Amino acid sequence: MKKRVINLVIGPVLFLICYFLLPESFFDTAAARGAIGTIAWMAYWWITGPVDFAVTGFLPIIVNALFQLCDMSLVISNYADEIILLLLGASLITAAWEITGLDKRIASMFLMLIGSNLRNQIIFWFLLSTILSSVLPNAVVCAAITPIAVSMLKYVGINEIQESNTGSMILLTIAYGAGVGGLVSPLGGAMNLVAVDYLQQVSGQEFIYWHWVVRFLPIAVILVASNIIYLVLCCKKNDHLGQSKEYFVEQYRAMGKMRNDEKWALGLFLLATVLAFTRQFYQDILPGLKPAYVFIGCAIIAFIIMEKDGGRLMTWKSAERKVIWDLLYIFAGGLAAGTLINETGATGAIGKAMASMNLDGGFFTILVIITVTILMSDMTSNTATAAVALPVIISIVQGIGLDPVPYIYITAIGVNLSYMLPTSIRAIPVGYGLSPKFMLKKGVVITVMVILLMTVVSWIMMTYIPGFSNV
């Protein structure tokens, strides 16, 4: 109780320290200082856990109500954001898995195919999420894959992810993979499209998408290899999820044929996933049918379907107990915190701090760009970081008479990567039970590793690869 009280008090104290004591030479408005303070408060409570993680997600609302940091409607809108609806729809659909028993069938199938060795599991989930997020929004990928992994973990008896190193590592792996995969192509996320737009502006010519792949694929391969090595080294060679592969083969066969209710539950999930992943083929015909609304629509169908005995596939009473409500508010809180950072001008203050470093465009400049953009992506969304950081970096580089193109590429690397805080897609595994403290502990190490590695790789690319300096 004493420890909890101390942690409860430290959170708002951190806010007040930031609000009153951050240097006005950089954070020249109280609103900007308050936004930084809100991030500090939320991060501390998420890591120490004196209240439920979802409760911390509501802090931006009450802080903004008390200190009027920005327009409240902008903050509130995050709690009904499209991604929140996507996560709700996905959670409702996968609730049908648990109701029908499909979750056990899927779990045993994955264990039968991959085996229960933890290192093999980590490699599989990382590569799966990386490959998918290279051409799809990372939030969609993370939202679609995480429930499958959770079903598998529950099947082997890991019901409390927070208390399981094995379960935590697998969920962390999916979030890492979804983040890294976004760098491979411009379609990997809106942050890449922001970078493409600036490349076209500064060059005055159209940017061809496959040029992005040519430049970033080698970097992505290095990132994938380094991330997997780090994750594999975080677990022991003999760590397993449970029984042998042969045992899970027997369990899968013992389940018999798939029942109709299971087929409906699986079919709706596959329909939503396929429609979300193939939006480019029908967006001209149905421009309003975005992935979030696809998942909500399929969730509604799950409540409509009648079974042969007259019962319904799913009722609200049966579904509401299965929905991961924490997930929605943790994610929304991260979005709201990002809104405070962006709307109060706190990001501009960070840019001002960068400009004051007298950067010359060399190795140290690259180190600063990579470090700042990765840390900013941890505080807010990757897209918001790209939108704010790119014009600042371009103006700094042009101010010292250098070509901004390679620095836009370098910035794109940083805005795609973030590992430490439960903001953006990292809120998804936290919503399913991953401890933010565990995320921070593992995230600090890999963040330092990636900053150093990407700084060296970027410097080599810019110095010795001519194509990295043109569009």
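The values are calculated or read from the model by the stated rules, or taken from the named source; none is laboratory data. Just so we're clear, the structure is a prediction, and the values are computed from it rather than from any experiment. Virtual Cβ from ideal backbone geometry, glycine too; neighbours counted across all protein chains shown. These area figures cover heavy atoms from the full protein model, side chains too; ligands, DNA and RNA do not enter into them. Shrake-Rupley method; radii C 1.70, N 1.55, O 1.52, S 1.80 Å.
Using a 1.4 angstrom probe on the protein heavy atoms only, could you order Arg4, Arg215 from most to least accessible area?
Arg4, Arg215
To the nearest 20 debye, what charge dipole does the range 110-240 have about its Cα centre, counting +1 at the Cβ of each Lys and Arg and -1 at the Cβ of each Asp and Glu?
Working: 5 positive and 5 negative charges, 67 e Å.
Dipole magnitude for the range 110-240 comes out near 320 debye.
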Item to check | Two-decimal ratio, the range 325-402, of alpha-carbon radius of gyration to 2.2 N^0.38 Å | outcome: 1.23
Next on the checklist: What do you get for the angle between helix 405-416 and the principal long axis of the chain? Use alpha-carbon atoms, 0 to 90 degrees, nearest ten.
Outcome noted: 40
Checklist entry - Which aspartates and glutamates does Lys236 reach when only Cα atoms under 18 Å apart count, and residues fewer than 8 places away in its own chain are ignored? => result Glu163
Checklist outcome for this item: Residues whose built amide H sits under 5 Å from the amide H of Arg312, excluding neighbours closer than 5 in sequence, are Glu307
Checklist entry - Looking at the chain from every direction and averaging, what is the projected area of its Cα convex hull in nm²? => result 24.1
Checklist outcome for this item: The Cα extents of the range 262-365 along the principal axes, largest first and rounded to whole Å, are 74, 34, 25
Checklist outcome for this item: Per its Cα gyration tensor (rounded if a/c is under 1.5, else prolate when a/b beats b/c, else oblate), the range 77-120 is best filed as oblate
Checklist entry - So which GluC sites (Glu not before Pro) in the range 205-307 end up in coil per DSSP with only 14 or fewer other C-beta atoms within 10 Å? => result Glu206, Glu307
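About the Cα centre of the chain, how large is the charge dipole given +1 on each Lys and Arg Cβ and -1 on each Asp and Glu Cβ? Please answer in debye to the nearest 20.
Numbers: 28 positive and 26 negative charges, 269 e Å.
In total the dipole reaches around 1300 debye.
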Checklist entry - If you line up the long axis of helix 82-100 against the longest principal axis of the chain, both from Cα atoms, how many degrees apart are they, to the nearest 10? => result 20
Checklist entry - Shape call for the range 226-321 from the C-alpha gyration tensor, a ≥ b ≥ c root eigenvalues: rounded (a/c under 1.5), prolate (a/b greater than b/c) or oblate? => result oblate
Checklist entry - Once the range 100-228 is represented by equal point scatterers at the alpha-carbon sites, with solvent omitted, what log10 I(q)/I(0) does the Debye formula produce at q = 0.11, 0.16, 0.21, 0.22 Å⁻¹? => result -0.45, -0.79, -1.14, -1.21
Checklist outcome for this item: Over the range 74-184, with neighbouring protein chains present, the accessible area per residue in Å² at probe 1.4 Å is 28
Checklist entry - To the nearest 10 degrees, how steep is helix 209-233 against the longest Cα principal axis of the chain, on a 0 to 90 scale? => result 70
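Which percent of the accessible area of the chain is formed by carbon and sulfur heavy atoms (probe 1.4 angstrom)?
Details: 12670 of 19630 Å².
C and S atoms contribute 65 percent here.
Would you work out if the range 19-147 is rounded, prolate or oblate? Take a ≥ b ≥ c from the square roots of the eigenvalues of the alpha-carbon gyration tensor; rounded if a/c is under 1.5, else prolate when a/b is larger than b/c, oblate otherwise.
Working: a/c = 2.60, a/b = 2.16, b/c = 1.21.
Prolate.
Please compare each pair in Lys237/Lys437; Lys154/Lys237; Lys322/Lys442; Lys3/Lys154; Lys257/Lys308 to a cut-off of 20 Å on the Cα-Cα distance and tell me which ones are over it.
Working: Lys237/Lys437 24 Å; Lys154/Lys237 22 Å; Lys322/Lys442 29 Å; Lys3/Lys154 31 Å; Lys257/Lys308 17 Å.
Exceeds cut-off: Lys237/Lys437; Lys154/Lys237; Lys322/Lys442; Lys3/Lys154.
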Next on the checklist: Strictly greater than 21 Å: what percent of every Cα pair in the range 312-471 meets that?
Outcome noted: 52
Checklist entry - Distance from the Cα centre of the range 297-375 to that of the range 419-471, in angstrom? => result 16
Next on the checklist: Using amide H atoms built in the peptide plane, which far-off residues or other-chain residues are under 5 Å from His240 H to H?
Outcome noted: Leu118
Checklist entry - Could you state the number of Å between the C-alpha centres of the range 28-96 and the range 132-188? => result 22
